[in-house]
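The values are calculated or read from the model by the stated rules, or taken from the named source; none is laboratory data. All of these numbers come straight from a predicted model, not from anything done at the bench. Cβ: placed from backbone, ideal geometry, glycine included. Neighbour counts: every protein chain shown. Surface areas here come from the heavy atoms of the whole protein model, side chains and all, with no ligands, DNA or RNA. Shrake-Rupley method; radii C 1.70, N 1.55, O 1.52, S 1.80 Å.
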Amino acid sequence: MASEESIGFAQSAAGRLSEIGERSRNLGTAIQDPERQRRIVLVIVCVALLLDNMLYMVIVPIIPDYLETLERQAEHAHPVLHTNNSNGTTHIVAKENFDVEIGVLFASKAILQLMVNPLTGTFIDRVGYDIPLLIGLSIMFCSTCIFAFAENYWTLFAARSLQGLGSAFADTSGLAMIADKYTEEAERTRALGIALAFISFGSLVAPPFGGVLYEFAGKRVPFLVLACVCFADGLLCLTVLKPFSSNARENMPVGTPIYKLMVDPYIAVVAGALTTCNIPLAFLEPTIANWMEETMNSTQWEIGLTWLPAFFPHVLGVYMTVKLAAQYPHLQWFYGALGMVIIGASSCTVPACKTFGQLVWPLCGICFGIALVDTALLPTLAFLVDVRHVSVYGSVYAIADISYCVAYALGPVVAGKIVHDLGFVQLNLGMGLANVLYAPALLLLRNVCFMKPSHSERNILIEEGATGLYDAIKMEERQNKSQPLSSVGNCVPVDENGSFGAHPIAYSEDRQEDTLEPERI
C-alpha cells in the first residue's frame with residue numbers, strides 16, 4: 001500500500017515537473033520573439049533610467065539634514081573645538097563651508113560622469129550594449145548600498161561619485177540600445193519618449209519619496225528600496241539579454257570614433273541645445289529653495305513639492321512631440337526650437353512669482369519645454385548617425401550624456417555663486433536669454449530629415465576599406481545596387497551638407513501624386 005502511494009506521488013511530481021519544464025520552454029520561446037524582446041529591453045532600460053534619476057534626486061531632502069545631524073553630534077562630542085565667537089563670524093563661515101561641501105557632493109556625480117563618458121561611449125561601441133548596461137546596474141547597486149550605510153561625508157562623496165560611473169555605463173548603453181532595437185523613426189521616437197517619461201518621473205518623485213521614508217523610517221530605507229529594485233533589474237538584464245553569451249557583436253559594424261562625432265556640425269548643434277535647455281533646471285534645483293524661503297516664506301512641504309506638478313506637463317510634452325513627429329517628421333528641429341523659446345520665457349518669469357501657486361506655472365513651462373527639446377532631438381542624434389556615420393550608437397549617446405552632465409555639473413557649484421554675486425533675478429534672466437538666443441541655431445537641422453540614409457557610412461567603407469565581414473558585405477551591396485529613398489516621412493535625399501542637387505532624386509513612377517520638386521521643399 002505504501003509502495004503504491006510512493007509510486008503515485010512520484011508520478012504526480014513528475015507530471016508537475018513536466019508542466020514546469022513546458023512552461024519554462026514556452027516562456028523562453030516567448031522571450032526570444034523579437035517584438036517581445038524589444039519590449040522587455042525597453043522595460044529594463046526604463047527601470048535603469050528611473051533608478052538612476054531617483055538616486056540622483058533622492059539625496060536632496062536626506063543628505064543635507066543627515067550631515068547637519070552628524071555635525072551637531074560632533075559639536076556635542078567636542079564642544080571646545082566648535083565654540084563660536086561673539087559676532088557669529090565663525091558660524092557664518094561654517095555655514096558657507098557647509099553649503100560648498102553640499103554643492104560639491106551633489107555635483108561629483110555629474111563631474112565624474114562627464115569625465116568617463118568619452119571612454120564608456122567608445123567601450124560600448126566595441127563590446128555592444130548588453131554588457132555595459134549590466135556593468136552600470138551593478139555599479140549603481142553598489143553605490144546605493146554605500147549610500148545606505150555611509151556615516152560620514154567622504155563615504156557619501158565616494159558613493160555619489162561611484163553613481164556617476166555607473167550612470168555613464170547604464171544611461172548611455174540604455175539609450176543606445178533603444179536606438180538600436182527600434183530602427184523605424186516613429187517607433188524610435190515613441191520608445192525614447194517613454195524612456196524620457198521615466199527619467200522625468202524618477203527626478204520629480206524622488207524628493208518626496210526620499211523625504212517621507214527618511215522622516216518615518218530612517219536614512220537607510222530609501223536607499224535599500226532602490227537597491228532592491230536595481231538588483232531585480234540587473235537580474236532581469238542578466239537572464240533575458242544574456243550579455244555574456246550573445247554573439248550579436250560579431251556582426252555589428254565598427255562605430256565612428258567619438259571625436260569625429262563631436263566635430264560633426266549637426267551633432268554639435270544638438271548637443272549644445274541639450275546642454276542649454278537643461279541649464280535652467282540644473283541651476284534652479286540647488287537655488288530655488290532658499291529663494292522661496294526668503295521671498296515667499298514657503299513651508300518645507302511646499303519646497304518639497306516644488307517640482308512635482310511639473311511632471312504632468314513634461315509627460316504631456318513628450319506625448320505631443322511623439323504624435324507630432326509621427327505626422328510631421330521633417331519639423332523635429334522646430335519642436336526643439338519651440339521648446340527652447342518656452343523654456344526661455346518661463347525662466348524669465350520665475351523671479352516675478354510671489355506665491356507658491358504662481359511659481360508652479362513657470363516651472364511647468366520649463367519642464368514642458370525640456371520635454372519638447374529632448375523628445376525631438378534625442379531621436380535626431382540616432383538618425384544623424386544613421387545617415388552620416390555608422391549605425392552604432394554608443395558614442396553619440398555618450399555625447400548626449402556629456403551634454404546633460406555639463407549642465408548638472410555646473411549647477412550645484414556655479415548657481416549659488418551667481419546668485420550670491422549677481423542675484424536670483426539675473427540668474428534666471430541670463431538662462432532665459434541663453435535659451436531664446438540658441439533656438440535659431442536649430443534652423444541648421446531643418447534639412448536633416450531629407451538626407452540620404454547611410455550615405456556617409458558608404459563613404460566610410462569606400463575611403464577606409466572593408467575592415468570585417470560586415471563591412472565587406474555592406475560594400476559589396478552598395479556597389480551592386482543603388483540607394484533607396486529614406487523611409488522617414490516624406491523625406492528625400494540631399495548631399496552630406498544638407499543641400500539639394502548633389503545627388504539625383506529618384507521619383508516613384510507609380511506615385512506621381514507624391515512627387516515634389518526640390519525648389520518647393
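Observations on the model:
- When nucleic acids and ligands are ignored and a 1.4 Å probe is applied, PHE201 ends up with an accessible area of around 90 Å².
- Kirkwood hydrodynamic radius of segment 157-284, from inverse mean 1/r over distinct Cα pairs, in Å: 18.1
- LYS181, LYS323, reordered so the largest accessible area comes first (probe 1.4 Å): LYS323, LYS181
- Its residue count N fixes a reference of 2.2 N^0.38 Å for segment 336-452, and the Cα radius of gyration divided by that reference is 1.24.
- When the P(r) of segment 185-246 is calculated, the portion above 19 Å amounts to 55% of the C-alpha pairs.
- Cα principal axis extents for segment 298-348, largest first, Å: 46, 22, 7
- Going by accessible surface with a 1.4 Å probe and the largest first, LYS260, LYS354 read LYS354, LYS260.
- Whole-Å semi-axes of the ellipsoid equivalent to segment 261-416 (Cα gyration tensor, √5λ, descending): 31, 18, 11
- If a spin label sat at a point 7 angstrom from the Cα of TRP154 along the line to its beta carbon, the backbone N atoms of segment 105-139 nearer than 16 Å would be those of 105.
- FRET efficiency for ARG38 and VAL104, using Cβ-Cβ distance with R0 set to 45 Å, rounded to 0.05: 0.65
- The Rg/Rh ratio of segment 352-415, with Rg taken over Cα atoms and Rh as the Kirkwood radius over Cα pairs, comes to 1.15.
- Computed FRET value (nearest 0.05) for ALA326 with LEU437, which takes r as the C-beta separation and R₀ as 35 Å: 0.70
- Largest-first ordering by accessible area, 1.4 Å probe, given options HIS330, HIS389: HIS330, HIS389
- CYS145 - accessible surface, heavy atoms, 1.4 Å probe, Å² rounded to 10: 40
- Accessible area (Å², 1.4 Å probe, nearest 10) - LYS109: 10
- Alpha carbon Rg of segment 107-219, scaled by the compact-globule rule 2.2 N^0.38 Å: 1.20
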